[in-house]
Amino acid sequence: MKPLLLGSLALSLAISFAPLILNETPQHQEPLYFPADGYAKWQTTSPALLGWNTQNITGLVSYLKEKHTRAFIVLVNGKIVIEEYMNGHKQWKPWYWASAGKTLTATTFGIAQDAGLVNENDAVSQYLGKGWTSAPAEKEQKITCRNLLTMTSGIDDSYGNDVNAQNLKYKADAGTRWAYHNIYVKLQDVVAKASNQTWEAYFDTALKDKIGMSGRWINGGPGKMEPFSIYWSNARSMARFGLLALNKGNWNGTQVVSKKYFESMVTPSQNINKSYGYLWWLNGKESYHMPTLQTEFKGNLIPDAPADMYMALGKNDQKIYVIPSKKMVVIRMGDSANNKNFALSGFDNELWQKINGVIK
């Protein structure tokens with residue numbers, strides 16, 4: 001009888017502890033949560049439930065405040081784990097995305113392509129006509145929409161942010177040079193022409209309204225920092241877009257942008273800067289380029305961040321980090337953490353060191 005009793009006891013213990021084992025990492029067991037439309041309704045979960053080092057959260061928040069952050073959100077499995085507003089910012093208050101909004105443009109272009117309105121392999125001239133740059137006609141004709149998505153237009157990046165034709169001068173053949181340039185905004189003109197709508201009208205219907213975002217495109221950005229429209233929204237709207245990206249373009253069962261196109265956005269798009277997709281930055285690759293430089297740097301873009309992370313990064317440290325392996329989205333809005341910068345800064349790696357102290 002002893003073996004039978006021992007066997008029964010072992011079975012009872014296994015059944016008793018099974019829920020604990022299954023719930024050890026609940027974010028990997030539950031389906032993704034998507035917030036309902038409306039500003040205030042968003043489920044939360046506690047850092048303690050996730051097994052995080054809760055004693056380090058205060059230090060993380062203090063660090064963020066010192067670094068001129070205005071809004072900081074961490075989602076796991078779609079639910080809010082950390083949400084902090086500081087330095088005079090409020091939950092409802094909009095802030096600019098800067099170049100993090102490039103990913104909105106890339107995603108909306110993909111939606112238009114899924115609808116058969118545009119094709120990334122088409123010449124931009126097919127939509128905008130000849131003379132949209134000041135490059136020689138035969139060079140201009142070689143610039144495709146994909147070149148704009150991948151920062152390989154060959155247009156000289158030393159003429160500032162103005163994207164009028166006279167400032168878009170030939171530097172190299174399309175596809176042979178990677179340079180971070182605001183020429184990507186011409187994709188908005190392409191979508192507008194192809195859809196016979198304004199850019200904002202198409203964006204609102206195709207993307208913004210489908211995932212319940214707020215916000216709008218405002219000409220000039222903060223202090224007229226750019227000569228074209230910059231997206232402004234509250235941090236929760238930025239988090240909604242991050243959640244869409246975490247789920248590969250699917251919002252609560254609706255495929256907003258095709259999975260095939262989404263995967264193209266977050267895969268190396270050319271061999272010059274392997275850490276760049278379709279207007280998304282990619283971590284964990286063997287090398288990278290920085291904005292304004294032609295130098296290739298070896299190693300990961302953000303060494304202390306997860307290797308599978310892809311990012312929407314904007315001037316003065318506007319951040320969307322998407323980490324599929326952790327089912328996590330991290331949002332940071334605010335002023336520059338250190339000095340004024342383009343998309344990337346040393347703040348990224350320093351911030352991830354602080355985040356790792358909480359989540360590991």
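The values are calculated or read from the model by the stated rules, or taken from the named source; none is laboratory data. No experiment lies behind these values; they were computed from the predicted model shown. Neighbour counts run over all protein chains shown; Cβ positions are idealised from the backbone, glycine included. Heavy atoms of the whole protein, side chains included, go into the accessibility calculation; ligands, DNA and RNA do not. Shrake-Rupley method; radii C 1.70, N 1.55, O 1.52, S 1.80 Å.
Structure above, values below:
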| quantity | calculated |
| --- | --- |
| So Asn273, is it over 15 Å from the mean Cα position of the chain (by Cα), part of a loop (DSSP other than H, G, I, E, B) and modelled with pLDDT under 95 | no |
| Looking only at region 121-136, and only at residues there that are assigned to a loop (DSSP other than H, G, I, E, B) and crowded, with 19+ Cβ neighbours inside 10 Å, the one that is nearest to the chain's Cα centre (by Cα) | Val124 |
| Tyr180 open to solvent by less than 20 Å² (accessible area, probe 1.4 Å) and in contact (Cβ under 8 Å) with a residue 40 or more places away in the chain | no |
| Tally of residues being closer than 23 Å to Ala179 by Cβ and within 17 Å of the chain's Cα centre (by Cα) across region 254-270 | 6 |
| Subset of region 141-163 [in a loop (DSSP other than H, G, I, E, B) and either modelled with pLDDT under 95 or closer than 21 Å to Ser275 by Cβ (or both)] | Met151, Thr152, Ser153, Gly154, Asp157, Ser158, Tyr159, Gly160, Asn161, Asp162, Val163 |
| Residue within region 60-76 that is under 23 Å from Pro324 (Cβ atoms), touching an Asp or Glu at 6+ places or on another chain (Cβ under 7 Å) and of a type outside the set (Lys, Arg) present | yes |
| Failed item, numbered, when Ala307 is tested on (1) touching a strand residue (DSSP E or B) at 6+ places or on another chain (Cβ under 8 Å); (2) small (Gly, Ala, Ser); (3) open to solvent by 40 Å² or more (accessible area, probe 1.4 Å); (4) under 26 Å from Glu350 (Cα atoms) | (1) |
| Odd one out for Pro324 among (1) open to solvent by less than 20 Å² (accessible area, probe 1.4 Å); (2) farther than 24 Å from Ser158 by Cβ; (3) out of contact with any strand residue (DSSP E or B) (no Cβ under 8 Å at 6 or more places or on another chain) | (1) |
| Pick from region 92-109, criterion part of a helix (DSSP H, G or I) and over 12 Å from the mean Cα position of the chain (by Cα), ranking: surrounded by the most Cβ atoms within 10 Å (Cβ to Cβ) | Phe109 |
| Qualifying residues in region 276-300 (those that are under 25 Å from Ala239 (Cβ atoms) and outside any loop (DSSP other than H, G, I, E, B)) - the one farthest from the chain's Cα centre (by Cα) | Tyr276 |
| Residue, farthest from Tyr33 (Cα to Cα), within region 301-316, restricted to residues that are part of a loop (DSSP other than H, G, I, E, B) and free of Cβ contacts under 8 Å to residues at least 40 places away in the same chain | Ala307 |
| Region 77-90: number of residues that are open to solvent by 10 Å² or more (accessible area, probe 1.4 Å), over 20 Å from Gly314 (Cα atoms) and in contact with an Asp or Glu (Cβ under 9 Å, 6 or more places away or on another chain) | 1 |
| Criterion: modelled with pLDDT of 95 or more, of a type outside the set (Phe, Trp, Tyr), loosely packed, with under 15 Cβ neighbours inside 10 Å and not in a loop (DSSP other than H, G, I, E, B) - qualifying residue of Ala112, Ala192, Ala201, Ala206 | Ala201 |
| Residue list for region 248-268, restricted to those being under 24 Å from Lys285 (Cβ atoms), of a type outside the set (Ser, Thr, Tyr) and either in contact with a Gly (Cβ under 7 Å, 6 or more places away or on another chain) or open to solvent by less than 50 Å² (accessible area, probe 1.4 Å) (or both) | Gly249, Val257, Lys259, Phe262, Met265, Val266, Pro268 |
| Residue under evaluation Gly215, criteria (1) touching an Asp or Glu at 6+ places or on another chain (Cβ under 8 Å); (2) among the small types (Gly, Ala, Ser); (3) farther than 30 Å from Ile272 by Cα, criterion not met | (1) |
| Residue within region 253-268 that is at pLDDT below 95 and either over 24 Å from Glu350 (Cα atoms) or β-branched (Val, Ile, Thr) (or both) present | no |
| Which numbered condition Ile80 misses (of (1) more than 30 Å from Gln29 (Cβ to Cβ); (2) under 20 Å from the mean Cα position of the chain (by Cα)) | (1) |
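For (1) touching a His at 6+ places or on another chain (Cβ under 9 Å); (2) open to solvent by less than 40 Å² (accessible area, probe 1.4 Å); (3) among the aliphatic types (A, V, I, L, M); (4) outside any helix (DSSP H, G or I), each residue gets a yes or a no:
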position: Leu49; (1), (2), (3), (4): no, no, yes, yes
position: Gly59; (1), (2), (3), (4): no, no, no, no
position: Arg70; (1), (2), (3), (4): yes, no, no, yes
position: Val74; (1), (2), (3), (4): no, yes, yes, yes
